[in-house]
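What follows is a set of notes on a single structure, which appears directly below.
The values are calculated or read from the model by the stated rules, or taken from the named source; none is laboratory data. None of the values given here were measured: they were computed from a predicted structure. Please note: Cβ atoms are built from the backbone with ideal geometry, for glycine as well, and neighbour counts cover all protein chains shown. Note: accessible area is taken over every heavy atom of the protein model, side chains too, but ligands, DNA and RNA are not part of it. Shrake-Rupley method; radii C 1.70, N 1.55, O 1.52, S 1.80 Å.
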Amino acid sequence: MTLNPTDIEREILLDALDEDAVLSVVENISKKFRIEGDAVFQHVVSLSHLNLVEFYKYENEEKTEIANVKSEELAKEMRDHPYEIFLARTDKTFGRLAELNKTHMA
């Protein structure tokens with residue numbers, strides 16, 4: 001499989017729609033594209049800087065209260081709570097996915 005950064009971006013954005021755990025996203029994409037997890041993690045963080053994804057965690061055991069996690073805190077939060085930090089879409093996610101799909105189909 002040829003490594004294409006837009007393919008990785010597309011996978012991350014699709015995972016944001018499903019609100020998958022960030023660590024699961026990193027592991028799955030790393031395995032699929034046979035690249036280092038750190039590279040995928042950095043790609044996830046860079047997408048958050050572009051406001052294409054965001055992160056959250058549950059504040060209580062009942063999972064009724066959520067708190068946003070800043071990208072600067074992501075690595076620490078993932079170390080402390082590996083599968084409890086989730087990826088979420090933003091207002092820009094669908095638009096970017098549409099752009100990527102047009103390019104992918106061309």
Checklist line | the range 60-97 versus the range 1-51: alpha-carbon centroid distance in Å | finding: 14 Å
Notebook entry, point to check: When only the heavy atoms of the protein chains count and the probe is 1.4 Å, how do S46, S71 rank by accessible area, highest first?
Noted result: S46, S71
Check: Using the heavy atoms of the protein chains alone and a 1.4 angstrom probe, what is the accessible area of the chain per residue in square angstrom?
Finding: 64 Å²
Notebook entry, point to check: In the chain, carbon and sulfur make up what percent of the accessible area (probe 1.4 Å)?
Noted result: 48 percent
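How large is the convex hull of the C-alpha atoms of the range 50-99 per residue, in Å³?
So the per-residue Cα hull volume is 90 Å³.
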Checklist line | Cα gyration tensor shape for the range 5-72, rounded if a/c is under 1.5, else prolate or oblate | finding: prolate
Next item on the list: Starting from the Cα of D18, step 7 Å along the direction of its Cβ; do the same at Y83; then give the gap between the two resulting points in nm.
Entry: 1.4 nm
Margin query: Can you return the lysines within cross-link range of K70? Criterion is Cα-Cα under 27 Å, with same-chain partners fewer than 8 residues away left out.
Written below: K31, K32, K57, K92
